[in-house]
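The values are calculated or read from the model by the stated rules, or taken from the named source; none is laboratory data. In this text the structure is predicted, and so the values were computed from the model without any measurement. In this analysis, Cβ positions are derived from the backbone assuming ideal geometry, glycine residues included, and neighbour counts consider all displayed protein chains.
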Amino acid sequence: MFRLTRRRSKYGVLLDKQGKQARTLDGIVFHSKKECDRYAELKLLQAARIIRGLELQKEYPLIVNDMTIGTYVADFVYWHNEEQQVIVEDVKSPGTQTPVYRLKAKLVSALYGIRILET
């Protein structure tokens, strides 16, 4: 998913491009421990058949009036069997709820009719 740099912290921990400690599970590198933990939870829900079709880093092009504004990348997308709907999920902390993210979330809602579940 995300490429690691050859850089290491002074303690020998492998860092991602932004200089943050990388988290891996199943060979997938996540930007945060919180995102990695959520992936582990979703895998358990999928094994229990509560959800299905788990996708990571699904892209939604943001096109308005035939002009590409950008792309929103969802952390997780899956079908929730009990709710009978597709869930688009983004792992967020207060520091990652930037104005750009909020604008992209509004565009995704307007263009696709999707409400992003923030965990």
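Exactly one condition in (1) touching a residue at least 40 places away in the same chain (Cβ under 8 Å); (2) at negative phi; (3) not hydroxyl-bearing (Ser, Thr, Tyr) is false for Ala47; which is it?
Only one criterion in (1) touching a residue at least 40 places away in the same chain (Cβ under 8 Å); (2) at negative phi; (3) not hydroxyl-bearing (Ser, Thr, Tyr) is unmet by Ala47, namely (1).
Please enumerate the residues belonging to the range 92-111 that are modelled with pLDDT of 95 or more and closer than 29 Å to Ala48 by Cβ.
Residues satisfying the conditions are Ala105, Val108.
Please verify whether Leu111 is surrounded by 15 or more Cβ atoms within 10 Å (Cβ to Cβ) and over 15 Å from the mean Cα position of the chain (by Cα), treating the condition exactly as stated.
yes
May I ask you to list the residues in the range 15-26 that are exposed (fewer than 15 other Cβ atoms within 10 Å of the Cβ) and either more than 20 Å from Val77 (Cβ to Cβ) or modelled with pLDDT under 85 (or both)?
Selection gives Lys17, Gln18, Gly19, Lys20, Gln21, Thr24.
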